[in-house]
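Down below is the structure, laid out as structure tokens.
The values are calculated or read from the model by the stated rules, or taken from the named source; none is laboratory data. What you see is a predicted model, and the numbers here were worked out from it, not measured in a lab. We place every Cβ from the backbone using ideal geometry, glycine too, and count neighbours over all the protein chains shown. Just so you know, the surface numbers come from the protein's heavy atoms only, side chains and all, with ligands and any DNA or RNA stripped out. Shrake-Rupley method; radii C 1.70, N 1.55, O 1.52, S 1.80 Å.
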Amino acid sequence: MSDVKYQESEEYILNISKFTKKNNLDHTRKFLLFLGSPQESLKVIHVAGTNGKGSVCTYLDAMLRAEGKTTGLFTSPHLIQMTERISINGSQISEDTFVHLFKRTLECVRKMEACGLPHPTFFEFLFGMALIGFQEAGVEYAVLETGLGGRLDATNSISRPLVCVITSIGLDHTEILGDTLEKIAAEKSGILKPGVPVFYMDTQEESSRVIEKTASELQCSCKKIGKDAYEILGIEDKYIAFSCTNAYYGDTTWRLHNTGIYQPENALLAMETMREIFKDSGHPALWREALEKVVWEGRMEEILPDFYVDGAHNVSAVERFAQSLPDNGQGKILLFSAVKDKNYEEMIQILCRNVEAEFYMVTQIDDARAARVEELKQVFEKYTDKPVVMRESLKDALMYVREHQEGRAVYCIGSLYLTGMIKSVIKEVA
């Protein structure tokens, strides 16, 4: 294994699903024992939710570093390559570090298998790599984003996090997590632990009720962040400005390098979590500076002038995306693709109803679960009389859009796979 290359390690991990199955949390805990229990040295902030998890995790990481703390950040999915999932002190790990962690983890897995235990899943394996990396780097605070749900997620093997955070909840992965907000909230609130403080975004009465009930049963202090906790002051020059109604933050104006109107609530959720961790010893002025510098890839990200990618891939996220678009008179072009197990018809209906696009482009992502481009075109034509252009090849779709941009703003949406693919090929058509 001494001469393993990055591509070989990534390929091995991608193929794990072919020879193992979903494991329970007891298996993950045994896996961590074989790894040497790297989580024991970490102060863990555990984050679950439907939308906003990645943003909240990134904001927390930035503010913790502003306080002079060493940090580890574990997020998913990745957009282009797996190294994006593991960051240490604000930088994603290098390919060499990835290979080193892969080899260490695989050695432990072989010992597990020799004892008759199943091979870890794709997500478990990467989670184990992250924890080993954090331990080796001397990380103090680890911010962990759940992969799917919460209750049964591998990250929920952490028995005593410092604090738990639940972001906005909506209908997504309903075939796995349940078909109501209550059922999904029950899965997300499965990360709560007895006596561990919880902070959550109060977006839906149905989900909030479940979170509050779970927190009460586990005797957790529980704080909700509602829409009345902040006020959006304006959007200007690629930034959104907001103020907080809590006197703790005074009359300070906070700015985020992102125009999504949903981002202030994500930032405030992270800020309130920081207040819990640091009590009266925190430095909000440092948090403010840190937040303003954060750029979260794939979330209303401008990758070329007036050319944006957004990873919104469920109904509630698409609704928020549509609410965030500026009404500045500039023409708009919308590029869309999705996977077939999402409710893409409702997503398309929302976009046609709320986004005044001059034309819509549909394309197909490179994934076995991709929705057929012909089907996407037919759905768009049900809800709009504007032109709907179809290009099966993403590169062809991007070239057409770039040729017809001419001062218009382009928004690409519908799937994180789409966002990752665009970011990997955009230089070829720019």
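Couple of notes before you dig in:
- Filter result (hydrophobic (A, V, I, L, M, F, W, C) and in contact with a helix residue (DSSP H, G or I) (Cβ under 6 Å, 6 or more places away or on another chain)) within segment 376-412: Val379, Phe380, Val388, Met390, Leu394, Leu398, Met399, Val410, Cys412
- Selected residue [of a type in the set (Gly, Ala, Ser), under 26 Å from Gly54 (Cβ atoms) and in contact with an Asp or Glu (Cβ under 8 Å, 6 or more places away or on another chain)] from Gly298, Gly311: Gly298
- Looking only at segment 284-300, residues that are in contact with a Phe, Trp or Tyr (Cβ under 8 Å, 6 or more places away or on another chain) and at pLDDT below 90 come to 1 in all.
- Some residue of segment 155-176 being open to solvent by 10 Å² or more (accessible area, probe 1.4 Å), within 21 Å of Ile225 (Cβ to Cβ), touching a strand residue (DSSP E or B) at 6+ places or on another chain (Cβ under 6 Å) and modelled with pLDDT of 85 or more: yes
- Matching residues, segment 108-136, being in contact (Cβ under 8 Å) with a residue 40 or more places away in the chain, in a helix (DSSP H, G or I) and open to solvent by 30 Å² or more (accessible area, probe 1.4 Å): Lys111, Phe122, Phe123, Gln135
- Of the residues in segment 363-374, at least one is under 28 Å from Asn328 (Cβ atoms) and modelled with pLDDT of 95 or more.
- Among (1) under 23 Å from the mean Cα position of the chain (by Cα); (2) open to solvent by less than 20 Å² (accessible area, probe 1.4 Å); (3) farther than 19 Å from Ser168 by Cβ; (4) not aromatic (Phe, Trp, Tyr), the one test that Ile191 misses: (3)
- Of the residues making up segment 14-23, those that are surrounded by 10 or more Cβ atoms within 10 Å (Cβ to Cβ) and out of contact with any Phe, Trp or Tyr (no Cβ under 6 Å at 6 or more places or on another chain) are Leu14, Asn15, Thr20, Lys22, Asn23.
- Residue in segment 76-95 that is out of contact with any Leu (no Cβ under 8 Å at 6 or more places or on another chain) and closer than 17 Å to Pro161 by Cβ present: no
- Restricted to segment 298-310, and to residues there that are assigned to a loop (DSSP other than H, G, I, E, B) and among the charged types (D, E, K, R), the residue that is farthest from the chain's Cα centre (by Cα) is Asp306.
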